[in-house]
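Below is one structure, written out as structure tokens, with a few remarks after it.
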Amino acid sequence: MTILKIVEHPNEILTTPAQKVTVFDKKLGILLDDMYETMMAADGIGLAAPQVGVSKRIAIVDLGEGQEIIEMINPEIVAIGGKEVEVEGCLSFPDIYGEVERPYYVKIEAEDRDGNLYELEAEDYEARAIQHEIDHLNGILFTSKILRYVTPDEFTEEGEEQ
Ligand code: GNR
Ligand code: NI
């Protein structure tokens with residue numbers, strides 16, 4: 001497996017809508033595995049393919065703590081509910097943290113690495129990470145949604161992981 005280089009802002013790939021995946025081959029599995037290793041090495045809870053230089057609709061989320069790894073290929077949000085403001089960070093913006101309002105609940109439809117369609121419901125921080133990643137696939141960056149910037153120490157004071 002390989003730790004990939006994370007693309008940082010400013011880079012056009014981060015603001016370009018990614019292409020749908022049509023081929024579910026071994027190469028896709030290798031990319032997903034490499035993205036997972038890259039995310040872990042960078043201490044992230046999510047990663048989208050454009051962040052490793054691949055403009056395809058592929059993203060992963062893993063909140064850790066025994067929760068399962070979510071692999072999303074061609075994800076679509078099919079329902080949302082509620083709203084909540086929380087602090088977010090992004091591996092493509094190393095020193096920026098800010099409060100973002102997002103729906104508290106999402107239901108998505110996506111394909112797994114074998115091309116099987118599945119539905120997933122998520123709440124709270126998991127729903128937030130999923131939406132942050134789907135935004136990446138649409139070329140939307142969290143900085144365009146920040147209501148208030150916070151300093152890293154303020155972020156840790158709130159008890160979030162760094
Ligand atoms: O590691 C990450 N943490 C995070 C915190 C709150 C909301 C979203 C995220 S995703 C981010 C990793 C990243 O940049 N994914 O695109
Ligand atoms: Ni991000």
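See the values below:
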read-out	value
Share of carbon and sulfur in the accessible heavy-atom surface of the range 41-104 [1.4 Å probe, %]	46 percent
Difference of contour (0.36 nm per residue) and Cα-Cα distance, H9 to K145	47.4 nm
Sites matching trypsin sites (Lys or Arg not before Pro) across the range 54-162 that sit in DSSP coil, with at most 16 neighbouring C-beta atoms within 10 Å	K83
Anisotropy class of the range 93-150 from Cα gyration tensor, a/c 1.5 cut	prolate
Net lengthening on full extension, I69/D25 (0.36 nm per residue, minus Cα-Cα)	13.9 nm
V78/D153 FRET efficiency (R0 41 Å; Cβ-Cβ; nearest 0.05)	0.60
log10 of Debye I(q)/I(0), alpha-carbon scatterers only, for the chain at 0.17 Å⁻¹	-1.02
Spatially proximal aspartates and glutamates relative to K5 (Cα-Cα < 16 Å; intrachain offsets below 8 disregarded)	D33, D34, E37, D43
Average accessible area per residue (Å²) across the range 1-143 - probe 1.4 Å, nucleic acids and ligands excluded	49 Å²
Test item: Cα-centred dipole of the range 53-104, Lys/Arg +1 and Asp/Glu -1 on Cβ, debye	320 debye
When each of K107/K145; K26/K107; K56/K107; K27/K56 is checked by Cα-Cα distance, pairs over 18 Å	K107/K145; K26/K107; K56/K107
Length-normalised contact order of the chain in % [C-alpha pairs under 8 Å, at least 6 apart]	25 percent
Acute angle (nearest 10 degrees) that the helix 26-41 long axis makes with the longest principal axis of the chain, alpha-carbon atoms	20 degrees
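The values are calculated or read from the model by the stated rules, or taken from the named source; none is laboratory data. Nothing here was measured: the structure is a model prediction, and the numbers come from that model. Note that each Cβ is placed from the backbone with ideal geometry, even for glycine, and that neighbours are counted across all protein chains shown. Remember, those area values only see protein heavy atoms, side chains included, never the ligands or the DNA or RNA. Shrake-Rupley method; radii C 1.70, N 1.55, O 1.52, S 1.80 Å.
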